[in-house]
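Only the coordinates and a few stated rules stand behind these numbers; no lab work does. What you are looking at is a predicted structure, and each value in this text was computed from that prediction instead of being measured. Neighbour counts run over all protein chains shown; Cβ positions are idealised from the backbone, glycine included.
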Amino acid sequence: MIKLMEVNKFNSHHINSFNGEFIVKSKLILDVTDDGISYTVEPVKPYKKRYEDNLINPDEYINNSERQIFFALFDNNFAGQIILRRNWNQYAYVEDICVDVQYRKMHIGERLISTAIKWAKEKELAGIVLETQNNNVTACKFYESCDFEIGGFDKYLYKGIDADTDEIAIYWYYFL
């Protein structure tokens, strides 16, 4: 059974406690057309990837109407998180969403996104925006299955971290 819980001073130590590692097996090849942004999937030599933890001060999220962290619990075990904030453009911005490797394929991601949608509606926001990379195809397909649309991409965003990277940031939007 999946249960959602807001961050508080008693559970905030669970922030970033999830193994978000994944295997990259392919990447999206993006194309701009008159109808928007489309993509094809191209296989790559498999490799393991894990994002750096977000440096989060829990005090900025506890009892804050403009920011929130929700945890997903599966059978009372902490299984994932979604970190949200009201963005300057009246969208809810997903700073992070992560489901621990051992709890994937159990609909936890869908519940976290549903909770984000509910939070954004309560705040009377225009929708939700998040960013992921073209080499996280599983996440991209997941967002697409949740009715998010590609609104844009940035091929230079990660060049400051690694000048040789070919990762492309993709911005996904959900409209309320």
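Listed values, structure above:
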| item | result |
| --- | --- |
| Helical mean residue ellipticity (222 nm; -39500 (n - 2.57) per DSSP H run of 4+; nearest 500) of the chain | -4000 deg cm²/dmol |
| Candidates per chymotrypsin sites (Phe, Trp or Tyr not before Pro) in region 1-72, loop by DSSP, up to 10 other Cβ within 10 Å | F10 |
| Long-range amide H partners of K27 with built H, under 5 Å | E42, V44 |
| Cα gyration tensor shape for region 79-176, rounded if a/c is under 1.5, else prolate or oblate | oblate |
| FRET E, pair N19, E42, Förster distance 41 Å, beta-carbon r, rounded to 0.05 | 0.95 |
| Along the chain, longest interval not containing exposed GluC sites (Glu not before Pro), exposed being DSSP loop plus at most 15 other Cβ atoms within 10 Å | 67-123 |
| Dipole magnitude (debye, nearest 20) for the chain, charges at Cβ of Lys, Arg, Asp, Glu | 520 |
| For the chain, with +1 on Lys and Arg beta carbons and -1 on Asp and Glu, the positive-most of F175, A92, Y61 along the dipole | Y61 |
| In Hz, Karplus ³J(HN,Hα) per residue of region 130-136 (6.51, -1.76, 1.60; θ = phi - 60°; x = Gly, Pro) | 8, 10, 9, 10, 5, 8, 9 |
| Extension gain, K121 back to T165 (0.36 nm per residue minus Cα-Cα distance, nm) | 12.2 nm |
| About the Cα centre, charge dipole magnitude for region 1-41 (Lys/Arg +1, Asp/Glu -1 at Cβ), debye | 380 |
| Hits among aspartates and glutamates - C-alpha to C-alpha of K9 under 15 Å, sequence gap 8 or more where chains match | D59, E60 |
| Set of lysines near K121 by C-alpha distance (under 21 Å), chain-local residues within fewer than 8 positions excluded | K3 |
| Loop-exposed trypsin sites (Lys or Arg not before Pro) per DSSP, neighbour cap 10 Cβ within 10 angstrom, longest uninterrupted part of the chain | 106-176 |
| Region 1-68 shape via C-alpha gyration tensor axes, a/c threshold 1.5 | prolate |
| Between region 60-82 and region 106-163, the alpha-carbon center distance in angstrom | 17 |
| Lysines whose Cα lies under 28 Å from that of K27, excluding same-chain neighbours fewer than 8 positions away | K45, K48, K49, K105, K141, K155, K159 |
| Positive dipole terminus of region 23-122, leading residue within V44, I83, F70 (C-beta point charges) | V44 |
| Between 0 and 90°, nearest 10: helix 108-122 axis offset from the chain longest Cα axis | 70 |
| Under the Debye formula (equal points on every Cα, no solvent term), log10 I(q)/I(0) of the chain at q = 0.14, 0.18 Å⁻¹ | -0.79, -1.29 |
| Lys/Arg +1, Asp/Glu -1 at C-beta; the chain dipole; positive extreme among T165, M5, I113 | M5 |
| Global geometry of region 121-175, whether rounded, prolate or oblate, following the gyration tensor of its Cα atoms and the 1.5 cut on a/c | prolate |
